Amino acid sequence: MVLLEFSMSPLGKGESVGKYVSRSLEIIDKSGVDYRLNPMGTVLEGEWDDVFRVVKQCYERMSKDCKRISCTIKVDYRKGHAGRLSGKVASVEKRLKRKLKT
């Protein structure tokens, strides 16, 4: 399974790009891939092809009306392990013996 964190936004569209980012979240939410939104990006969990397919769909939608796009992608693959989207946080909370802000 893969954890993929990415952030994608258009350049040259002003200071507020929420209009464009929200379109990506619509794609992500409908994809069926498990995800967590955070203030700086989105983390997807799934098979390699599935998570990259979602990123590609977000790019294709954004590129329809954006001439320049910035995207960062970070990938963590671990064979045979699912549920890491919440499990990694739970592991740290267990060690600290308290809940963290997520």
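The values are calculated or read from the model by the stated rules, or taken from the named source; none is laboratory data. These numbers come from a predicted model, not from an experiment. So basically every Cβ, Gly included, is an ideal-geometry build from the backbone, and we count neighbours across all protein chains shown.
Descriptive notes on the structure:
- Yes/no for Asp29 being over 20 Å from Asp76 (Cβ atoms), of a type outside the set (S, T, N, Q) and either touching a Pro at 6+ places or on another chain (Cβ under 6 Å) or at pLDDT 95 or above (or both): yes
- Checked against (1) loosely packed, with under 13 Cβ neighbours inside 10 Å; (2) among the hydroxyl-bearing types (Ser, Thr, Tyr); (3) closer than 24 Å to Met1 by Cβ; (4) touching a strand residue (DSSP E or B) at 6+ places or on another chain (Cβ under 9 Å), Ser31 passes all but a single condition, namely (1).
- So Ser22, is it surrounded by 17 or more Cβ atoms within 10 Å (Cβ to Cβ) and over 9 Å from the mean Cα position of the chain (by Cα): no
- Scan of region 25-37 for residues that are closer than 15 Å to Cys71 by Cα and more than 10 Å from the chain's Cα centre (by Cα), ordered by number: none
- Evaluation of Tyr77 against (1) within 18 Å of Arg23 (Cβ to Cβ); (2) loosely packed, with under 14 Cβ neighbours inside 10 Å; (3) within 16 Å of the chain's Cα centre (by Cα) (one fails), failing number: (1)
- Some residue of region 13-21 being over 13 Å from Met1 (Cα atoms) and among the acidic types (Asp, Glu): yes
- Checked against the criteria, Met40 counts as closer than 15 Å to Lys74 by Cα, surrounded by fewer than 18 Cβ atoms within 10 Å (Cβ to Cβ), more than 9 Å from the chain's Cα centre (by Cα) and not polar (S, T, N, Q).
- Cross-chain or 6+ apart pairs with Cβ under 8 Å, region 1-12 first and more than 7 Å from Ile69 (Cβ to Cβ), then crowded, with 18+ Cβ neighbours inside 10 Å and of a type in the set (D, E, K, R): Met1/Glu45; Met1/Arg84; Val2/Glu45; Leu3/Glu45; Leu3/Arg84; Leu4/Glu45
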